[in-house]
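Engineer: Supplied in structure tokens, the structure appears directly below.
The values are calculated or read from the model by the stated rules, or taken from the named source; none is laboratory data. Being a predicted model, the structure only gives us computed values, none of them experimental. All Cβ positions, even for glycine, are placed from backbone atoms using ideal geometry, and neighbour counts span all protein chains on display.
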Amino acid sequence: MFDPKIIRNDFPLLKRYIHGRPIVYLDSAATSLKPECVLQRMDSYYREYSANIHRGIYHLSEEATTRYEEARERVGNFIHANSSKEVIFVRNATEGINMIATSFGNEYIYEGDGITTLISEHHANFVPWQQLAKRKNARFYVLPVNKKGEFDQTLLSKYITQSTKVFAFAAISNVLGIIHDVSSIVHRVKKISPQCLVIVDAAQAIGHIPVDVHAWGADVVVFSGHKMFGPTGIGVVWARYALLERMSPYQYGGDMIREVRVDHISFADPPQKFEAGTPAIAEAIGLGAAVDYINALGLSSIRLHEQQIIAYAMEQMKNIDGIHLYGPETIESRGAVLAFSIDGVHPHDIAQILSDDNICIRAGHHCAMPLHTHLGISATARISCSVFTTEEDIDQCVASLNKAVSLLR
Amino acid sequence: MDIYREIILDHYKHPRNFGHLDEYDVKIDDKNVACGDAISMELRIVQDRVIDIRFSGQGCVISQASASLLTEHVMGWSVSDIMSLSKDDVLVLLGIDLTPSRVKCAMLPLEVLQKAVVVYANR
């Protein structure tokens, strides 16, 4: 039985009180809270076997290497990769996208090539492509979306042509919360331009809906660990092995070479080729624990709960005087994210007044300025839910929102 | 700490010196792109003294109340006195403790005001 009130006990932070009151955390889309099991597994690395990986012959180092590579296996299985060799550990989704834009982009994008993304993208999946286009004199196209986050599928053939080399989009928008039909979009794009590299930003999808790189059919999928109950400082790039072989390294240094001479170098095979230097070992191991935690709860149960709680939130919030809800109206196509604005009340004031009641929400442009400009709004407020979110959390949020409205109008 | 205390809300809901001047010597507008706060100020300056100000704009309570309080405070001041105003002076005017992210909201009106007198003085 999936009970958020029991699941809450897994998260030490939720036991904390500020000004004598418990915390209502509604900002999991920014970063998720960490369950005890993740903290423990990272702690045991530092306490029991904190040696460097891939080099020591001694027992501790072998143990650290084994645990690190086990984490890679867990992540690979979780996203249905053909092999864990396709899983590269990076710092976060942002670094993952920059890695592809640099390693693939610098080598394989030429003047006049097309690069396409959506207006609703997070800056992390917008700016690297915009800048790549600028560096290479390539053409940068941005597909518009409506207030629900949908784009007109017939526009694809206008924004994707045979010369399109890159199409990058998020599986779930971090503002509008829309869940895109990834496999169908990938299929359409590949039909128009078979050579087009399709990159999916799964930062808001991972741990909320199934991420199946095989079924999606994309070439690259990136996500951060810290949005899926893992620590900060660890993220994942999954890419087809043949692509990883074709791409040059992103950074150079130790651990990513096979042989170095003064006048010659040969690089290690992927994934080592893309993991120069000592990686975030404890964080990778912590991410492995996060995968175990999600698997234990069950992705389908998580999804069902998040659908129910976001539906409850939409139902309760729609009655607030002057509120506008953004994103899809149907919960089937919405993730655990809900952006809104209230007439006459600036989002910063909303967040501040809620903060006085220990309710954590996000306000601003959520690193999606092109989207806000496109929709003609300067900023929005956003709640986002997780496995521990209860109806009481939403009730407190709504009460506080009503308080903000009566105070400021 | 109560950011939304009575005097702040009063200046937000009933801003002083809000609107436009029929005639002004300098006009500057600026915004805090991170959150969309926008402030525009029109100044009438005679013999190096600011004899009238109006501001317009939109944004959060802090930015708008700060503009209202500040324009009221500096009416009749000299250009050099306005230039000597500091961040702390504005925080004293507001009379509230602000977290770093909200200090930016509070400072926008001062930035616009000082930019305006600099532009005027450099003419």
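Engineer: Among the numbered criteria (1) within 14 Å of chain B (Cβ to nearest Cβ); (2) closer than 21 Å to A:V211 by Cα, which one does A:L297 miss?
Structural biologist: In the conditions (1) within 14 Å of chain B (Cβ to nearest Cβ); (2) closer than 21 Å to A:V211 by Cα, A:L297 misses (1) alone.
Engineer: Could I ask something else about it? In the set A:Q352, A:Q396, which member is within 13 Å of chain B (Cβ to nearest Cβ) and among the polar types (S, T, N, Q)?
Structural biologist: So the residue among A:Q352, A:Q396 that is within 13 Å of chain B (Cβ to nearest Cβ) and among the polar types (S, T, N, Q) is A:Q352.
Engineer: Just to be sure before I move on: is A:H365 in contact with a helix residue (DSSP H, G or I) (Cβ under 9 Å, 6 or more places away or on another chain) and within 14 Å of another protein chain (Cβ to nearest Cβ) in the structure I sent?
Structural biologist: yes
Engineer: Going through A:A64, A:A71, A:A93, A:A101 one at a time, which residue ends up being touching a strand residue (DSSP E or B) at 6+ places or on another chain (Cβ under 7 Å), buried (at least 19 other Cβ atoms within 10 Å of the Cβ), among the small types (G, A, S) and in the same structural domain as A:Y252 (by TED's automatic domain parsing)?
Structural biologist: Values: A:A64 fails: touching a strand residue (DSSP E or B) at 6+ places or on another chain (Cβ under 7 Å); A:A71 fails: touching a strand residue (DSSP E or B) at 6+ places or on another chain (Cβ under 7 Å); A:A101 fails: touching a strand residue (DSSP E or B) at 6+ places or on another chain (Cβ under 7 Å).
Of A:A64, A:A71, A:A93, A:A101, the one residue that is touching a strand residue (DSSP E or B) at 6+ places or on another chain (Cβ under 7 Å), buried (at least 19 other Cβ atoms within 10 Å of the Cβ), among the small types (G, A, S) and in the same structural domain as A:Y252 (by TED's automatic domain parsing) is A:A93.
Engineer: Right, here's the next one. Restricting attention to the range B:64-123, and to residues there that are among the basic types (K, R), at pLDDT below 95 and surrounded by 14 or more Cβ atoms within 10 Å (Cβ to Cβ), which single residue is nearest to the chain's Cα centre (by Cα)?
Structural biologist: Checking each candidate, the answer is B:K104.
Engineer: Could you identify the single residue in A:A81, A:A51 that is assigned by TED's automatic domain parsing to the domain that holds A:K227, crowded, with 19+ Cβ neighbours inside 10 Å and in a loop (DSSP other than H, G, I, E, B)?
Structural biologist: Only one candidate passes the filter, namely A:A81.
Engineer: Condition first: within 14 Å of chain A (Cβ to nearest Cβ) and surrounded by fewer than 21 Cβ atoms within 10 Å (Cβ to Cβ). Now tell me which residues in the range B:51-63 satisfy that.
Structural biologist: B:G57, B:Q58
Engineer: Let me ask you something else. When A:S341 is evaluated against the numbered criteria (1) in contact (Cβ under 8 Å) with a residue 12 or more places away in the chain; (2) within 13 Å of chain B (Cβ to nearest Cβ); (3) out of contact with any His (no Cβ under 6 Å at 6 or more places or on another chain); (4) not basic (K, R), which criterion, by number, is the only one it fails?
Structural biologist: Of (1) in contact (Cβ under 8 Å) with a residue 12 or more places away in the chain; (2) within 13 Å of chain B (Cβ to nearest Cβ); (3) out of contact with any His (no Cβ under 6 Å at 6 or more places or on another chain); (4) not basic (K, R), only one is false for A:S341: (3).
Engineer: Something else: Please specify each residue of the range A:372-402 satisfying the condition of being over 23 Å from the mean Cα position of the chain (by Cα), touching a residue at least 24 places away in the same chain (Cβ under 8 Å) and under 24 Å from B:C35 (Cβ atoms).
Structural biologist: Listed by number, the residues that qualify are A:I377, A:C397, A:V398, A:S400, A:L401, A:N402.
Engineer: Does the range A:270-289 contain any residue that is surrounded by fewer than 18 Cβ atoms within 10 Å (Cβ to Cβ) and over 22 Å from A:T66 (Cβ atoms)?
Structural biologist: no
Engineer: Sticking with this structure for a sec: Just for the range A:301-325: of the residues that are touching a helix residue (DSSP H, G or I) at 6+ places or on another chain (Cβ under 9 Å) and of a type in the set (S, T, N, Q), which one is surrounded by the fewest Cβ atoms within 10 Å (Cβ to Cβ)?
Structural biologist: A:N319
Engineer: Give me the pairs, please: first residue somewhere in the range B:44-61 and without any contact (Cβ under 8 Å) to a residue 60 or more places away in the chain, second residue anywhere and of a type in the set (G, A, S) and in a strand (DSSP E or B), beta-carbon distance under 8 Å, and either six or more positions apart or on two chains.
Structural biologist: From the range B:44-61, the pairs are B:D48/B:S78; B:R49/B:S78; B:F55/B:S40; B:S56/B:S40; B:G57/B:A38; B:G57/B:S40; B:Q58/B:A38; B:G59/B:A38.
Engineer: Right, here's the next one. Go through (1) out of contact with any strand residue (DSSP E or B) (no Cβ under 6 Å at 6 or more places or on another chain); (2) within 14 Å of chain A (Cβ to nearest Cβ); (3) of a type in the set (A, V, I, L, M, F, W, C) and name the single condition B:I45 misses.
Structural biologist: Among (1) out of contact with any strand residue (DSSP E or B) (no Cβ under 6 Å at 6 or more places or on another chain); (2) within 14 Å of chain A (Cβ to nearest Cβ); (3) of a type in the set (A, V, I, L, M, F, W, C), B:I45 violates only (2).
Engineer: With respect to A:L304, determine if the residue is over 19 Å from A:R382 (Cβ atoms), assigned by TED's automatic domain parsing to the domain that holds A:I361 and hydrophobic (A, V, I, L, M, F, W, C). Outline the logic, then answer.
Structural biologist: On the way: over 19 Å from A:R382 (Cβ atoms): yes; assigned by TED's automatic domain parsing to the domain that holds A:I361: yes; hydrophobic (A, V, I, L, M, F, W, C): yes.
Yes: the conditions hold for A:L304.
Engineer: Please determine, by comparing only the residues of the range A:219-277 that are basic (K, R) and under 15 Å from A:S103 (Cβ atoms), which one is farthest from the chain's Cα centre (by Cα).
Structural biologist: Here the residue is A:R246.
Engineer: Just checking, does the range B:6-19 include any residue being within 14 Å of chain A (Cβ to nearest Cβ) and not in a helix (DSSP H, G or I)?
Structural biologist: yes
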